[in-house]
Structure formats: structure tokens, C-alpha cells
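Following: one structure in C-alpha cells, then a few remarks.
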Amino acid sequence: AIGAIARGRQLVVVGDPKQLPPTNFFMVAASPDAVPVADDGTPLYSDAESVLEEFMGAGVPMSRLRWHYRSAHESLISFSNVAFYDADLFTFPSTETTTSAAGLRFEFVDGGTYEGKGLNSTEARRVVDAVVAFAREQLARRARGQTTESLGVGTFNLRQQLAVQDELEVRRRDDPTLE
């Protein structure tokens, strides 16, 4: 970016320091053999330098946009709005009135404990409980001739993703009806 910055007469740097920083995650996903790994075999991700953070550190004038428009459901941004933006974002009201249909909802996981390095095994088992219940519901819908729905599961990191996938594999081996 330095060459372009040096040639320009004006510069506008746009970004959000509260979002995840640039990372080599996608490079790691594309070619996992060329990536350094930790002692436990999980890939190591590094954060890249951020032009935004460099400029913020230089003390240049800044302003913050306050309108959030990207979430299809207001509940998707609600937590971040309160926790990271001091409830200062303007959001568009959702047309959907039930949060479970299109947005997120909080479910407390009793006994869930962060075990370090991005892992919470109790939470992974709880997620798999929900996935299995959803799969059984969809099998029953199909048997009744009703349309079925799909399900996506997101985790915050690779270790938690692997914990969920491993638990799903255990459940699938134990219950062949989930094939």
C-alpha cells in the first residue's frame, strides 16, 4: 500500500478496528501442507499488518459510520452493537418478528468451559445435540412427505470446528440412522 499512498494527494483509509484482523487463514485452508503447525497439530494462523491500525496509531483524524445495514436480521448485530460499539449503531428493524426464524438467539451451555486454544468440548457436544435433533426432525419431515430444511453450523475457530466434527462422527458411528 505504501507505493499507492506515496503517489496520491489524498488518502481515505476505511475499515473497522473492531472486526477480525487480516489473517493467513484462507492460505492455510488452500494449502495446509505448507503451513506451520502447533504441538497439537493445529495450523498456526498469523495476523497480517493492518494499514488501518497503522493510520490509527499515527493520530490522523477519524470518524465512525454509525449505520449498520448488512445483517438480514437485527439480532445478528445486536450483541456486537452493545458489546463493541457501545450500542451506538443504528440498525434497521427486522421484518421477521421471531428471532429463531432468521436471526440468532443465545443459549447458555451449562458447564461449558473454555479449555484454552479455542476449545470448549462441552459446547461442541451441545452443538452436536442440536444438530442431531435437527437431523431427526428433518428425517421425520421427509417421511411425512414434507419439505426439509438445511442447517449450517459456524464456529469461531478451527479447533472448535474439529471438536464439533469429531463429535458428529462419534454420533454417526453410534447411530447409523443418522447417515
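The values are calculated or read from the model by the stated rules, or taken from the named source; none is laboratory data. These numbers were taken from a predicted model, which means no experiment stands behind them. Cβ coordinates were reconstructed from backbone atoms using ideal geometry, including for glycine residues, and neighbour counts include every protein chain displayed.
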Exercise. Can you name the residue in the range 114-128 that is at pLDDT 90 or above and under 21 Å from residue 79 (Cβ atoms) and, of all such residues, is surrounded by the fewest Cβ atoms within 10 Å (Cβ to Cβ)?
Worked result: 122
Problem set entry | Filtered residues of the range 134-173 (kept if in a helix (DSSP H, G or I) and farther than 28 Å from residue 117 by Cα) | 134, 135, 136, 137, 138, 139, 140, 141, 142, 143
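Are any residues in the range 88-97 surrounded by 10 or more Cβ atoms within 10 Å (Cβ to Cβ) and either assigned to a loop (DSSP other than H, G, I, E, B) or modelled with pLDDT of 90 or more (or both), and if so, which ones?
88, 89, 92, 94, 96
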